[in-house]
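Right, one structure below, let's go through it.
Bear in mind these aren't lab numbers, they're just calculated from the coordinates by the rules spelled out. This one's a predicted model, so the numbers in the text were calculated from it and none came from an experiment. Here the Cβ positions follow ideal geometry from the backbone for every residue, glycine too, while neighbour counts run over all protein chains shown.
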Amino acid sequence: MIPGSRPRNILGVSCYYHDSATCLLREGEIVFAAHEERYTRKKHDESLPVNAVEHALRHAGIAIGDVDAVCFYEKPLLKFLDRIVPTYIEHWPRGFLSYHSAMHEWMQKKLWIPQNIRKELGYEGPVLFTSHHESHAASAYYASGFPDSTVVTADGVGEWATAAIGYGKGTDLKLVKEIHFPHSLGLLYSALTYYLGFKVNSAEYKVMGLAPYGEPKYIKEMRELIEIRDDGSFRLNMRYFSFEHGLRMTGPEIERLFGQPTRKPEGPLLQFHKDVARSLQEITEEAMLKIVGYARQICPSDNLCLAGGVALNCVSNGKILRSGLFKEIFIQPAAGDAGGALGAALAVWHREYGGARLPKMEHAFLGNAYTQEEIEAYLKEQGLPYEKLDDEALMETVAGLLAGECPVQGPETSKEETGSRIIGWFQGRMEYGPRSLGNRSILADARNKENWRKVNLKIKFRESFRPFAPTILEERVSEYFALDRESPYMLLVANTLAHRRSEIPAVTHVDGSARVQTIRRDQNRRYYDLVKAFERKTGCPVIINTSFNVRGEPIVESPKDAVNCFLHTQMDYLVMGNCLISKAKMMGAAKVDTETYLKKFRLD
């Protein structure tokens, strides 16, 4: 920055598809990044991120007039004229219903992005655009800290591209090869997600979690759906898919191929569905290995950057790491569409302003925080009893509760009970990306296998097959997992070492694997100190970490959200800042059941 000049503020925006978000850069440094869903409480909210932008500006202490440029994460006019209109004309009249729906949405908002941004945000400056996969690539490469890197992106679809290969060196980033719609690895995964009865653009990770319960019995059928070539390219057999022209992802042809009807949402999960999920996962891993292998040939580097929705497939990422094709891998924590806001802002910083590279993105704690005073004010306003502890006492107490050291009064009786406790943990700045990483988390003892069932069914209200991630002190990761490096964003799956599996059964999946999160103190002091305190008490440096929400809701953002989630589930304690709230004491003091208590505080 020129001495005496005002710092440049760039706002990246992604919206109108799913997982809308914003990111604010100041002189190329990430100041703030957040998903809109956290504020609206609408999961995967696609709307213009007005609330996230408001919080970003407030956090930075600036007004919208201080923003030098707003950048949108793709080029909607190109997408509309080059793909949307020609595709639907080609399939007319078969795609009439989806065409009519799409045209309404495009005419109402997607073709008016600069106007909408100016109107809704009160912004008067330039609105710039990057291509969809350029945004993905920039979000990973420019945040990686690598001096050079092979770059691979893969998702559903951007303008035309569904996957891209590129190369970054210094401040230069160039995409050199693309695969185009309708041939899409992301849409293949989404189509099979639909066939298996789960929600598209929401539940693909459920299919990944279901896969280890099956066998790859349907690889032959998968090869009928997709042709994978040695150069990393692939083609879908569109006979089996209807997303080009219809409102559904698949139709009767895929049912005939597999010999089973499309599973109804919430219908029984049969071994057949588990085997299809496993087969899909295997073919996805095969395709990604081919893509990154070819990418290394044409854009050689010892480093790999991954982004796009497919990069959230942590099982595939783990296989790429173990292949030895690259020495280092960086996966952007908000790898899906939400991360496009970060990538768009970074692309503009380097392309338009000639900005310098900044160090590696070391953490994802980039949202807003609540002060201790704000937390206490809310608890007092609601009349919620709490105990305030200093940092040292808080860590020791919570670690003891997790370890089952501290007897507490049960919620339905005066009898004291022992055993490990489930903790809602609300601290510091909210995470950017789909994972809770230690500031908006539900925590439990990984040594207690029963916690897998309890947290899934009684707290998260979700399918019992879903695995939980372990958080482990980074310096001890290789003692428990077949992993020799950091994994701060839960985006790498590694095997739990055989002799440790019985020690941490609640985070070891049915196939012996785990979606690992490592933590260092410089990344998150309070969370690290809690895991360290648990290690001192138990000798085990591993705890369960899952997102602070229930099924179908976004991760909690505010103290109000946290209290609501706490009271509606069977969590035992809530920790917000330095405040410790015991549900047992609340219930015991009031001598009422949870439903009555919720009505009393009008939080339901």
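Of note:
- Cα long-axis angle, helix 185-195 against the chain (0 to 90 degrees, to the nearest 10): 60 degrees
- Here the relative contact order of the chain, from alpha carbon pairs under 8 Å that lie six or more residues apart, stands at 15 percent.
- Separation in nanometres of the label points that stand 7 Å from Cα toward Cβ, at GLU463 and GLU503: 3.1 nm
- Per residue, the convex hull spanned by the alpha carbons of the range 372-601 comes to 115 Å³.
- Reduced Cα scattering model of the range 154-328, Debye log10 I(q)/I(0), q = 0.08 Å⁻¹: -0.24
- Amide H within-cut-off set for PHE330, under 5 Å, with H built and near neighbours excluded: LEU304, CYS305, LEU306
- Relative contact order, percent, the range 374-509 [alpha-carbon distance under 8 Å, six or more residues apart]: 17 percent
- Within the chain, percent of DSSP bridges classed antiparallel, to nearest 5: 70 percent
- Of MET208, GLY251, LEU48, farthest towards positive along the dipole that unit charges on Lys, Arg, Asp, Glu beta carbons give the chain: GLY251
- Between LYS449 and HIS180, full extension at 0.36 nm per residue minus the direct alpha carbon distance yields a gain of 92.3 nm.
- Amide hydrogen proximity for PHE129: with H placed 1.01 Å from N in the peptide plane, the residues at 5 or more positions away or on another chain lying under 5 Å are PHE72.
- Remark: the chain carries a charge dipole of roughly 860 debye about the Cα centre, counting +1 on each Lys and Arg Cβ and -1 on each Asp and Glu Cβ.
- Charge dipole (Cα centre; +1 on Lys/Arg Cβ, -1 on Asp/Glu Cβ; no other charges) of the range 154-328 amounts to roughly 220 debye.
- Proxy reagent accessibility, fewest Cβ within 10 Å first, across CYS579, CYS23: CYS579, CYS23
- Karplus (6.51, -1.76, 1.60) ³J(HN,Hα), θ = phi - 60°, over the range 262-279, in Hz, Gly and Pro reported as x: 4, 5, 6, x, 6, x, x, 9, 8, 4, 4, 5, 5, 5, 5, 4, 5, 5
- Ranked list, fewest to most other Cβ atoms within 10 Å of each Cβ, for TRP160, TRP425: TRP160, TRP425
- Across the range 462-478, rounded Karplus estimates of 3J(HN,Hα) from the backbone phi angles (6.51 cos²θ - 1.76 cosθ + 1.60, θ = phi - 60°) give 10, 4, 5, 6, 5, x, 10, 8, x, 9, 9, 4, 4, 5, 10, 4, 6 Hz, Gly and Pro being marked x.
- Against the chain, whose longest principal axis comes from its Cα atoms, helix 372-382 is set at around 70 degrees.
- Entry for semi-axes √(5λ) of the Cα gyration tensor in Å (calculated from the structure that is shown) out of (1) 75, 28, 20; (2) 72, 25, 21; (3) 38, 29, 25: (3)
- Using alpha-carbon coordinates, inclination of helix 391-403 to the longest axis of the chain, degrees: 90 degrees
- Amide H contacts of LYS177 (H built 1.01 Å from N, under 5 Å, at least 5 apart or other chain): ILE165
- Residue-wise HN-Hα couplings along the range 47-53, as the Karplus relation 6.51 cos²θ - 1.76 cosθ + 1.60 with θ = phi - 60° gives them from phi, are 6, 3, x, 4, 5, 5, 5 Hz; Gly and Pro carry x.
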